[in-house]
1. Pairs of Cα atoms under 8 Å, at least six residues apart: use those to get the relative contact order of the range 272-367, whole percent.
2. Which of 72, 234, 351 moves most in a GNM of the chain, Cα contacts under 10 Å?
3. Starting with the fewest neighbours, write out 119, 28 ranked by other beta-carbon atoms found within 10 Å of each beta-carbon.
4. Over all directions, how big on average is the projection of the convex hull of the alpha-carbon atoms in the range 269-367, in square nanometres?
5. So what's the back-of-envelope 222 nm ellipticity for the chain, counting only DSSP H runs of four-plus at -39500 (n - 2.57) apiece and dividing by all residues, rounded to 500?
6. Using a Gaussian network model of the chain whose springs link C-alpha atoms within less than 10 Å, name the residue from 63, 173, 37 with the highest mean-square fluctuation.
7. How high is the relative contact order of the range 3-132? Use alpha-carbon pairs under 8 Å, at least six apart in sequence, and give a whole percent.
8. Hey, how many Å between the Cα centroid of the range 170-222 and the Cα centroid of the range 236-262?
């Protein structure tokens, strides 16, 4: 059965171009179109669609307002955001993902861009994944909410739980022999907001994150997470020194490797080809950790399509003491990357999304 798609965009030309792309693929059919968010929301109240393609900046009601209304209504809708490449567009896109949008794609700037074969393929493949995504209705936890207690670990956790909730931890230290490395893709930006903000500021390890995103969007993701977290969250740059109390997000369009430089570890970015169809690719991050000075690596594989992370972890495990935590299926938007790790026998622990922060803290401890 064809997937029924709703298109919400104030541009009649863009609606036509999206309709043409959808009609070119036997997997889909256009259910309805709407010229603004208000019309789109009324259609969503009255009908059911497999997925929605939605612009963010529209008259009468913008895309973020539509998402907030759907959240208040507790209505589950699979939405793919049509995003602009501007800095403001990136910030709006990150907020849209936080509010429940499944994924996003750049809006082409011209008719020729929309008719480009490469763009059409990316659009249709991404739309298909969105149309099959598992929707979990849950609000992003309050930014400063304390991590859940871990049995037998409460005493060690007492210090971070008593810290002021509005500021960063004063703890900023040279990283020791432990590091956390997270891989995520589709559904990841929202899921990361249920993990990174719940980690204590004096976590006894730095945190690396590879989230599949294009250039221009990871900086906004890092800024958003930093505003919610007791860790300092930043987009990684070439030569950035790795410190405990920090989380480093791989920049979109670059592969992130960790290299040893003297007695420290620093970020080394490479501009090589895509791997697993993505850039950044978590496999490179995991493989680089095999040659660094960290003796203990906690790998966390979260929601996302594909199998990124598994090959890198399989190459890392024989070289390091490596504990792999995979996100439990029912809490994933797309159970692809965790499934691949489980299928290959790499997973040491399976946890639902809400338990990931406490599981990480349990394994690396606090200072």
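1. 27
2. Comparing 72, 234, 351 in a Gaussian network model of the chain, the most mobile one is 72.
3. Values: 119 16, 28 20.
Ordered from fewest to most neighbouring Cβ atoms within 10 Å, 119, 28 come out as 119, 28.
4. Averaged projected area of the range 269-367's Cα convex hull equals 6.7 nm².
5. Estimated from H runs of four or more residues: -9500 deg cm²/dmol.
6. Maximum among the listed residues: 173.
7. Result for the range 3-132 is 24 percent.
8. 11
Since every read-out is calculated from the coordinates, none of them should be taken as a lab result. Everything numeric in this text was worked out from a predicted model, so none of it was measured. Cβ coordinates were reconstructed from backbone atoms using ideal geometry, including for glycine residues, and neighbour counts include every protein chain displayed.
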